[in-house]
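Structure, as structure tokens:
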Amino acid sequence: MRHFDLLIIGAVSGNSVIGPEHDDWDIAVAEHGLFGGTCLNVGCIPSKMFVYAAEMAELAADSERLGVHTRFDGVDWPSIRDRVFGRIDPIAEGGLAYRMGLPNLTVYTDTARFTGPRQVAVGGETITAERIVIAAGARPTIPDVVGLAACGYHTSDTVMRLDALPERLLVLGGGYIAAELGSVFGAFGSQVTFVLRGDTFLRREDDEIRRRFTEAYSRRFDVLFDTRVLEASRDGDEVVLAVEDAAGRHELRADELLVATGRIPNGDRLGLAAGGVDTDARGYIITDDQLRTSAEGVWALGDVTNPVQLKHVANHEARVVRHNLSDPEAAARVDHRFIPHAVFGHPQVASVGLTERECRQQSIPYRSHVQPYGAAAYGWAMEDTTSAAKLIAHTETRHLLGAHIIGPQASTLIQQLIQGMHFDLTVDQMASHQYYIHPALPEVIEQALLEL
């Protein structure tokens, strides 16, 4: 039975745990999928490459209101797809080749499963390790719908590699994955229909933001709210969904079906109980603030342990684990106080901190303000009448509790607020102790802070 100094299960953010300080360690990496995992191959990176192309299509189709004569004549889907994956696939292949070429590293391209404390079966071999890092990620959730498995559905793992742009696309779900990918296909010319269980998109966002987002998507797409999917089937080249809503039972037909109803951690595939690794009721691995699990010598990071499932969080956690593997006596701790996120739909959304709903639930005294883009000079130049920034401040401490932006460049505009929160600035200091370039779009944030 071969023994290693370190075993890493999952070659996504876990791959970055290895540094020059480990050159004299005997290391194993077990990855049954593509190197780079979800983010590189089927998530953040390819989807945003598609999003950028979709934004160009949206601009071309919506410039007449500014007096600019452009038009949208469709897209060359295979060209877009091949450009995206022509960049990405070689990176995944190169990452695997690089790791396999290191003299102190053994790569197992099989699924790993605990068979005992710090003992793992991988492929046909059982190995042990002094230290183990679990970074096994997550996968799409598939709802329990009669006939769904046989109807030929897609998830975010497969839909970006379609052979042809569908004329009609059904999207199950109203979260960020559904919103982003549905918007891409809609911008490229597909007739997109969203099917939601609830009455709003992005239900975890601040109420003001999700209301505006839901209104925007309802104008652009066919959206069925409060709808239950009863059955899925295939009729020739068509996917058929039997659904029930306020109007009763009826059928929806399309060329393709995207299931985007959430993601679940992959811990259930790892035999964690045999390794003494505890999970919570939702299947996430339980860790402390040093990312140690309940098992001695075992750490965990990323989507398999953190419900927010964000790559920038996993990257932060990988840096903490990397430090703690090498210098456990001066252990680093995770800082999850101000975790931002963004939805790269059309419109874009970015948020950090508490929503107004959460402030009320926690009985926190607060003041909020919604500042429209159109009140700033650049927003005025854009003829923007729907975008806004909502800020929430503690009425007593004057610290920013939450920031929620919907509109162009939201994911960029929010960064200055994240820094202000991290450095414990009050909203008054953020508003008045720095310059905001006029007439740039960050003036929207300046104006919102001044109103608080």
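Values in this text are rule-based calculations from the coordinates and carry no lab data. Worth saying up front: this structure is predicted, and the values here are computed from it rather than measured. Virtual Cβ from ideal backbone geometry, glycine too; neighbours counted across all protein chains shown.
Debye-formula intensities of segment 124-227, expressed as log10 I(q)/I(0) at q = 0.12, 0.13 Å⁻¹, are -0.52, -0.58 (one equal scatterer per alpha-carbon, no solvent).
Spacing of the modelled spin labels on Y98 and D110, each 7 Å from Cα toward Cβ, amounts to 2.7 nm. Based on the Cβ-Cβ distance of D144 and S218, what FRET efficiency does E = 1/(1 + (r/R0)^6) give at R0 = 30 Å, to the nearest 0.05? Rounded to the nearest 0.05, the efficiency is 0.60.
When you count, for each residue, the other Cβ atoms within 10 Å and take the mean per peptide, how do 381-393, 357-369 rank with the highest first?
Numbers: 381-393: 19.4, 357-369: 14.2.
In descending order of packing, they fall as 381-393, 357-369.
Were the residues from H69 through S363 laid out at 0.36 nm apart, the gain over their Cα-Cα distance would be 100.6 nm. Peptides 90-96, 258-264 ordered by packing proxy, namely the average of other Cβ atoms within 10 Å per residue, highest first: 258-264, 90-96.
Figure legend: label point modelled 7 angstrom from the Cα of D5 along Cα→Cβ; residues of segment 316-359 with amide N under 18 Å from it are 321-330. Shown in residue order for segment 408-416 are the 3J(HN,Hα) couplings computed by the Karplus curve 6.51 cos²θ - 1.76 cosθ + 1.60 at θ = phi - 60°: x, 6, 4, 5, 8, 4, 6, 4, 5 Hz (x for Gly and Pro). Among the cysteines of the chain, those with no neighbouring cysteine Cβ under 4.7 Å are C151, C359. Each label point was placed 7 Å from the Cα along the Cα-to-Cβ direction; for E21 and E251 their separation is 6.3 nm. With the alpha-carbon atoms of segment 330-400 aligned to their principal axes, the span from lowest to highest coordinate is 51, 30, 20 Å, starting with the largest.
Report the extension gain between T397 and E329 in nm, rounded to one decimal, defined as 0.36 nm multiplied by the number of residues separating them, less their alpha carbon distance.
In short, 20.9 nm is gained.
When only alpha carbons are used to place a centre, segment 191-217 and segment 258-291 end up 28 Å from one another. Amide H contacts of I339 (H built 1.01 Å from N, in plane; Pro and chain starts excluded): G353 sit under 5 Å, all sequence-distant by 5 or more or on other chains. Entry for the chain at q = 0.07, 0.09, 0.11 Å⁻¹: log10 I(q)/I(0) = -0.41, -0.69, -1.01, Debye formula applied to identical alpha-carbon scatterers, no solvent contribution. Our analysis of segment 50-152 gives Rg over Rh at 1.19, with the two radii drawn from alpha carbon positions and Rh computed by the Kirkwood formula. Using the Karplus relation 6.51 cos²θ - 1.76 cosθ + 1.60 with θ = phi - 60°, the per-residue 3J(HN,Hα) values for segment 435-452 come to 8, 10, 5, 9, x, 6, 5, x, 4, 4, 5, 4, 5, 5, 5, 5, 5, 6 Hz, with x marking Gly and Pro.
Averaging over all projection directions, find the projected area of the Cα convex hull of segment 347-451 and quote it in nm² with one decimal place.
Working: hull surface 24.2 nm².
Computing the convex hull of the Cα atoms and averaging its projections yields 6.0 nm².
Rounded to the nearest 500, what is the chain's calculated 222 nm mean residue ellipticity when only DSSP H runs of at least 4 contribute -39500 (n - 2.57) each, over all residues? Present the calculation step by step, with values, prior to reporting the outcome.
On the way: 12 runs with 128 residues, N = 452.
Helix-only estimate at 222 nm: -8500 deg cm²/dmol.
The loop-placed trypsin sites (Lys or Arg not before Pro) in segment 62-121, going by DSSP, that have at most 14 neighbouring Cβ atoms within 10 Å of their Cβ come out as R71. A protection proxy built from the mean count of other Cβ atoms within 10 Å ranks the segments 314-324, 342-352, 265-275, most packed first, as 342-352, 314-324, 265-275.
Spin-label pair A377-D237: with each label point 7 Å from Cα along the Cα-Cβ axis, the two points sit 5.4 nm from one another.
Ordering V12, M382, H369 by Cα displacement along the dipole of the chain toward the positive end leaves H369 in first place; charges were set at the Cβ atoms of Lys, Arg (+1) and Asp, Glu (-1). Where in segment 224-247 is the amide nitrogen less than 19 Å from a point lying 7 Å along the Cα-to-Cβ axis of T158? Once the point is set 7 Å along Cα→Cβ of T158, 231-242 turn out to lie under 19 Å by backbone N, inside segment 224-247. From the Kirkwood radius over Cα pairs of segment 7-105, Stokes-Einstein at 37 °C and 0.692 mPa s returns a whole-number translational diffusion coefficient of 202 µm²/s.
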